[in-house]
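Enquirer: Could you have a look at this structure, given as structure tokens, before my questions?
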Amino acid sequence: MTEPKIKIRGLSKAFGDKQVLDGIDLDVMPGTSTVVIGGSGSGKSVLLKCILGLIEPDSGSIEVDGQDILGLPRQARERVNAGIGMLFQAGALFDSLPVWENVAFGLLAQQKSTRAEARSRAGEVLAQVGLDPSVGDLSPAELSGGMQKRVGLARAIAAQPGILFFDEPTTGLDPIMGAVIDGLIVDCVKRLGSTAIAITHDMASATRIGDRAAMLFRGRLVWQGEAAALLDSGNPMVDQFTHGRRDGPIQMELRR
Amino acid sequence: MMQPLDAVAAIGRGTLGAVRHAGAIALFGATGLSHLVRPPFYGRIFLGVFLEFAFFSLPVVALTAVFSGAVIALQSYTGFSRFNAESAIAGVVVLSVVRELGPVLAGLMVAGRMGAAMAAEIGTMRVTDQIDALGTLSTNPMKYLVTPRLLAGVLALPLLVVVADILGVAGGFLVSTAKLGFSPASYLSNTLQILTTNDVVAGLAKAGVFGFLIALMGCYHGYNSRGGAQGVGAATTGAVVAASILILMFDYVLTELFFAR
């Protein structure tokens, strides 16, 4: 039986008295895309940051390729992270660097190539996300939101990572640009054969990107299944969320 | 109604908070310095910050030094002429500038300029997830952002202070010779007679410490900023205020160390 690429067990994290993740169990199989949906503040971004080592969980385990990555020494942790690409919600492009250096940043950091080779590779990756290589000379501030997302995607895939994370990849984009970004994500994941986790509240995006889906509510995974079944899951919480109904088991708290 | 013990508890909490804060800053600085001996070192980042620190701060430091030297000459003349001690003015100017005003005023000016810039840049990177992004791209943010800035601060401020010392003395010289009637040759002779190597080295050592403090405060406050624009603004203010106070505190400590008998 195939082992999960990412295996999470009993993952919990609290900030003060607010329990953000509460005993999360999640398997992500190799070469598949899992979409995690949930409302704002449900813990989606914290889940990704725990896997990336940006936030230390209170308890639980996270295995990548069978290796528990929590508590790894710094260098071993950096080796694991070198195999992970991440597209941040707002792009998180380095505004002090030109676009090409943003795209090639991971390659240069890992000392996999010279600056000339990295420059050339950045042009290739920009072309893969539908941008002219000449965009590489621009500053991130000169790009539109959609172009920034593409550059962020190019940066995430430049080192051909085995794992890709997407944090709200279509937030702030118009529906057509959102569909374009989703298409690029699916193409990139398939081309690289990567394992992907995307977090989103955009249902159209979730069904386009995901093979599997899971829903987070108050720090717990309340449903897991096929992404294609998201809009007709039979779970009252998922149905309320995916159809955007005001009434249902999920009651919006004005203040927590 | 406030009980006596409440006041004690408040003092205790404040003390613990201050100690915790000081410990966090010390640990942050030590971590930043420890990356100096652990490759890779980001030379391009260092050169960029060093240029910004040393070269682009020159005008503000130069103007401050010239006018400070000139003012000391004028004020000293006003006081010393009452005791027929005008001949001491050259010595007062050069010792004040080289031992104190050069490093302290350059430090305060650069704290306003570079401390604020570092805190704003790193703070913006924090609130826009750029620091998290560094971590996902096989790059240690401390090594990439903090270490080159600390080194640039330590090396750049002494260079600025050399310029400030020369221009400060020049300011005093100009006022003394053009306005107060001193002979240029005797003024310079008095200046060189009273100045010792120890004065210059102590001033430059102070500058190195002040440069470190400016970079440390800029990086620490930026790195730990929270929230959006307001958080970055608070980090910037905090960096400048903390660096300015620390410069004055350490100036006293270093003066005790170098000059107290």
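Enquirer: Residue check: is A:R115 without any contact (Cβ under 8 Å) to a residue 60 or more places away in the chain and of a type in the set (K, R)?
Expert: yes
Enquirer: Only one residue in A:A156, A:A198 is assigned by TED's automatic domain parsing to the domain that holds A:L52, within 26 Å of A:S42 (Cβ to Cβ) and in contact with a Phe, Trp or Tyr (Cβ under 9 Å, 6 or more places away or on another chain), so which one is that?
Expert: Just a single option satisfies the conditions, and that option is A:A198.
Enquirer: Of everything in region A:196-228 that's of a type in the set (G, A, S) and over 19 Å from A:G183 (Cβ atoms), which residue is nearest to the chain's Cα centre (by Cα)?
Expert: Among those residues, the one meeting the criterion is A:A214.
Enquirer: Which of the helices (runs of 4 or more DSSP H) contained wholly in region A:56-114 include at least 1 residues that are β-branched (V, I, T), more than 10 Å from every other protein chain (Cβ to nearest Cβ) and over 15 Å from B:T139 (Cα atoms)?
Expert: Helices (runs of 4 or more DSSP H) meeting the threshold: A:99-103.
Enquirer: What number of residues within region A:22-37 satisfy the criterion of being of a type in the set (S, T, N, Q) and in contact with a helix residue (DSSP H, G or I) (Cβ under 6 Å, 6 or more places away or on another chain)?
Expert: Final tally of qualifying residues: 1.
Enquirer: For region A:8-43, what are the residues that are on the phi > 0 side of the Ramachandran plot and part of a loop (DSSP other than H, G, I, E, B)?
Expert: If the condition is that a residue be on the phi > 0 side of the Ramachandran plot and part of a loop (DSSP other than H, G, I, E, B), then A:G16, A:G31, A:G38, A:G41, A:G43 are the ones that fit.
Enquirer: Here is a further query. Of all residues being more than 9 Å from chain A (Cβ to nearest Cβ) and touching a His at 6+ places or on another chain (Cβ under 8 Å) in region B:123-171, which is surrounded by the most Cβ atoms within 10 Å (Cβ to Cβ)? Just the residue, please.
Expert: This residue is B:G123.
Enquirer: Next question. Identify, please: which residue in region A:115-143 is within 14 Å of chain B (Cβ to nearest Cβ) and touching a Leu at 6+ places or on another chain (Cβ under 6 Å) and is, among those, modelled with the highest pLDDT?
Expert: Across region A:115-143, the extreme among qualifying residues is A:P140.
Enquirer: Can I ask one more? Is there any pair linking a residue in region A:238-256 that is more than 14 Å from A:L216 (Cα to Cα) and surrounded by 10 or more Cβ atoms within 10 Å (Cβ to Cβ) to one that is among the charged types (D, E, K, R) and at pLDDT 85 or above, with Cβ under 8 Å and at least six apart or on different chains, and which?
Expert: Once the first residue is more than 14 Å from A:L216 (Cα to Cα) and surrounded by 10 or more Cβ atoms within 10 Å (Cβ to Cβ) and sits in region A:238-256, its partners that are among the charged types (D, E, K, R) and at pLDDT 85 or above give A:R245/A:D239; A:G248/A:D239.
Enquirer: How about region A:141-176: which of its residues are assigned to a helix (DSSP H, G or I), surrounded by fewer than 22 Cβ atoms within 10 Å (Cβ to Cβ) and of a type in the set (A, V, I, L, M)?
Expert: A:A141, A:M147, A:I176
Enquirer: Starting from residues that are of a type in the set (S, T, Y) and surrounded by fewer than 15 Cβ atoms within 10 Å (Cβ to Cβ), keep the ones in region B:46-104 and report whichever is farthest from A:S96 (Cα to Cα).
Expert: Here the residue is B:S81.
Enquirer: Mind listing whichever residues of region A:177-214 are part of a helix (DSSP H, G or I) and of a type in the set (K, R)?
Expert: A:K190, A:R191, A:R208
Enquirer: If you don't mind, there's one more thing I want to ask. Could you tell me whether any residue of region B:87-103 is within 14 Å of chain A (Cβ to nearest Cβ), touching a residue at least 60 places away in the same chain (Cβ under 8 Å) and more than 30 Å from A:R74 (Cα to Cα)?
Expert: Taking every residue of region B:87-103 in turn, none turns out to be within 14 Å of chain A (Cβ to nearest Cβ), touching a residue at least 60 places away in the same chain (Cβ under 8 Å) and more than 30 Å from A:R74 (Cα to Cα).
Enquirer: Suppose the filter is more than 30 Å from A:A92 (Cα to Cα) and over 15 Å from the mean Cα position of the chain (by Cα); does A:L231 pass it?
Expert: Yes, satisfied.
Enquirer: So for region A:38-52 (the condition being of a type in the set (G, A, S), more than 10 Å from chain B (Cβ to nearest Cβ), in contact (Cβ under 8 Å) with a residue 40 or more places away in the chain and in contact with a helix residue (DSSP H, G or I) (Cβ under 6 Å, 6 or more places away or on another chain)), does at least one residue qualify?
Expert: Scanning region A:38-52 turns up at least one residue that is of a type in the set (G, A, S), more than 10 Å from chain B (Cβ to nearest Cβ), in contact (Cβ under 8 Å) with a residue 40 or more places away in the chain and in contact with a helix residue (DSSP H, G or I) (Cβ under 6 Å, 6 or more places away or on another chain).
Enquirer: Of all residues in region B:20-67 being of a type in the set (S, T, N, Q) and within 29 Å of B:I166 (Cα to Cα), which is nearest to the other protein chains (Cβ to nearest Cβ)?
Expert: Taking the candidates together, the pick is B:S57.
Condition check ((1) crowded, with 24+ Cβ neighbours inside 10 Å; (2) modelled with pLDDT of 95 or more) across all residues:
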residue: B:G208; (1), (2): no, yes
residue: B:G211; (1), (2): yes, yes
residue: B:I214; (1), (2): yes, yes
residue: B:C219; (1), (2): yes, yes
residue: B:A229; (1), (2): no, no
residue: B:A235; (1), (2): yes, yes
residue: B:G238; (1), (2): no, yes
residue: B:L246; (1), (2): no, yes
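The values are calculated or read from the model by the stated rules, or taken from the named source; none is laboratory data. Small disclaimer: the values here were computed from a predicted structure and weren't measured. Ideal geometry is used to build each Cβ from the backbone, glycine not excepted, and the neighbour counts take in all protein chains shown.
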